[in-house]
Amino acid sequence: MSDWKVTVTDLKHQSFRCSFEDFENWKDPSIPVEDFAPRKNGEAVFVGRVLEEMGVDSDYTHLVFKAGDGFEQKISKEDVSTAFLLFKQKGEPLKKGYPTRLFVPSSESDCLNVKAVVEISLLREF
């Protein structure tokens, strides 16, 4: 899985690389993947856990998720507690939405499901 990665960029513009193995270690079986991806036996990690493991500054107000095709979606810090990244289905890395797919159950945004997330950037808006 040498090409699998998700990059986290903090408020100081430092980048941290997350690997597939990292996500394997951080996955949480309590995430209700089936509620958002029916009939897809999936595995996911909470976004908050990724940020915690990367040791990034918690003084952000929003996160921006960037997809491989250039699409971007911003979510508020308040939505981070329920946001998760799906990275496996049926025991295998994602085929559709590779490498990860964002789900934000608590958001009121029209775009709660972003495919092919490759980068997460922290923002501080005033």
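The sole residue among Val80, Val56, Val50 that is modelled with pLDDT under 90, closer than 21 Å to Lys27 by Cα, β-branched (Val, Ile, Thr) and not in a strand (DSSP E or B) is Val56. Apart from one condition, Val47 fits all of (1) in contact with a helix residue (DSSP H, G or I) (Cβ under 7 Å, 6 or more places away or on another chain); (2) closer than 15 Å to Glu119 by Cβ; (3) surrounded by fewer than 18 Cβ atoms within 10 Å (Cβ to Cβ); (4) not basic (Lys, Arg); the exception is (3). Being of a type in the set (S, T, N, Q) and at pLDDT below 95 is the filter here; which residues of segment 59-77 pass it? Of everything in segment 59-77, those that are of a type in the set (S, T, N, Q) and at pLDDT below 95 turn out to be Gln73, Ser76.
Annotation note: Cβ proximity below 9 Å between a residue of segment 29-46 that is closer than 17 Å to Lys96 by Cα and a residue that is of a type in the set (Asp, Glu) and part of a helix (DSSP H, G or I) (sequence gap 6+ or interchain) occurs for Lys40/Glu34; Asn41/Glu34; Gly42/Glu34; Glu43/Glu24. Within segment 1-19, the set of residues being in contact (Cβ under 8 Å) with a residue 40 or more places away in the chain and more than 12 Å from the chain's Cα centre (by Cα) comprises Met1, Trp4, Thr9, Asp10, Leu11, Lys12, Phe16. If you go through segment 22-32 and pick out every residue that is out of contact with any Gly (no Cβ under 9 Å at 6 or more places or on another chain) and at pLDDT below 95, you end up with 3.
Do we find that Gln73 is in contact (Cβ under 8 Å) with a residue 40 or more places away in the chain and in contact with a Cys (Cβ under 7 Å, 6 or more places away or on another chain) in this structure? So Gln73 fits the description; yes.
Taken together, the residues in segment 22-39 that are assigned to a loop (DSSP other than H, G, I, E, B) and surrounded by 15 or more Cβ atoms within 10 Å (Cβ to Cβ) amount to 3. Condition first: aliphatic (A, V, I, L, M), farther than 17 Å from Asp35 by Cα and crowded, with 16+ Cβ neighbours inside 10 Å. Can you find one or more residues in segment 95-113 that meet it? For segment 95-113, residues aliphatic (A, V, I, L, M), farther than 17 Å from Asp35 by Cα and crowded, with 16+ Cβ neighbours inside 10 Å: absent. Screening Val104 against (1) at pLDDT below 95; (2) over 10 Å from the mean Cα position of the chain (by Cα) leaves a single unmet condition, (2).
The values are calculated or read from the model by the stated rules, or taken from the named source; none is laboratory data. Worth saying up front: this structure is predicted, and the values here are computed from it rather than measured. A quick note on method: Cβ atoms are made from the backbone with ideal geometry, for glycine too, and the neighbour counts reach across all protein chains shown.
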